[in-house]
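Worksheet: one structure, shown below.
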Amino acid sequence: MKLVRFKSNGRERFGIWKRDRIFEIEGNIFNPKRETGNSFNPEEIEFLPPVNPQKIICIGFNYGEHKKELNKIATKEPTLTLKAQNSVTGHNQSIILPEESERVEHEAELGIVIC
């Protein structure tokens, strides 16, 4: 089951993505209830990030290979950093880099949501 958060007609909604349609649901991705009967074409909606976190806390340098790659700045212990709320994007949304970004690297991330 693919649960999504999206915007249609200026309103935030939650839905289930089945086949080629988004079926609106009551509730949210943590407590989905019944379908409302409304459905949407995925090309006609704006996908939102699945959640709207209040805080984003990241742990860096948490595995050996990463420490080796960044040997000059690596610490002995994992480091904690914070991310801005607007760093979370929805499906097919652009990732906008600040103009002053000189070195940008991709990483795979694991997200844990604590409610």
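The values are calculated or read from the model by the stated rules, or taken from the named source; none is laboratory data. Given the structure is predicted, the values throughout are model-derived calculations rather than measurements. Backbone-built Cβ (ideal geometry, glycine too); neighbour counts: all protein chains shown. Note: accessible area is taken over every heavy atom of the protein model, side chains too, but ligands, DNA and RNA are not part of it. Shrake-Rupley method; radii C 1.70, N 1.55, O 1.52, S 1.80 Å.
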Could you grab me the full set of residues in segment 18-41 that are touching a strand residue (DSSP E or B) at 6+ places or on another chain (Cβ under 6 Å), under 30 Å from K83 (Cβ atoms) and modelled with pLDDT under 95? G27, N28, I29, P32
Would segment 80-89 turn up any residue that is modelled with pLDDT under 85, part of a loop (DSSP other than H, G, I, E, B) and surrounded by 15 or more Cβ atoms within 10 Å (Cβ to Cβ)? yes
Go through segment 39-56 and give me each residue that's open to solvent by less than 50 Å² (accessible area, probe 1.4 Å) and out of contact with any His (no Cβ under 6 Å at 6 or more places or on another chain). S39, F40, N41, P42, I45, L48, P49, V51, P53, I56
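Can you report the number of residues in segment 8-38 which are surrounded by 15 or more Cβ atoms within 10 Å (Cβ to Cβ) and in a strand (DSSP E or B)? Let's see the steps before the verdict.
Restricting attention to segment 8-38, the residues satisfying the condition of being surrounded by 15 or more Cβ atoms within 10 Å (Cβ to Cβ) are 8, 13-17, 22-25, 28-29, 32.
The next check asks that each one be in a strand (DSSP E or B); those that pass are 8, 13-17, 22-25, 32.
The qualifying residues number 11.
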Over segment 40-64, the set of residues in contact (Cβ under 8 Å) with a residue 24 or more places away in the chain and either under 13 Å from V4 (Cβ atoms) or among the hydroxyl-bearing types (S, T, Y) (or both) is F40, P42, I45, E46, F47, L48, P49, P50, V51
I'm trying to understand the selection: among the residues of segment 27-45, which are touching a Phe, Trp or Tyr at 6+ places or on another chain (Cβ under 6 Å) and not hydrophobic (A, V, I, L, M, F, W, C)? N28, E35, S39
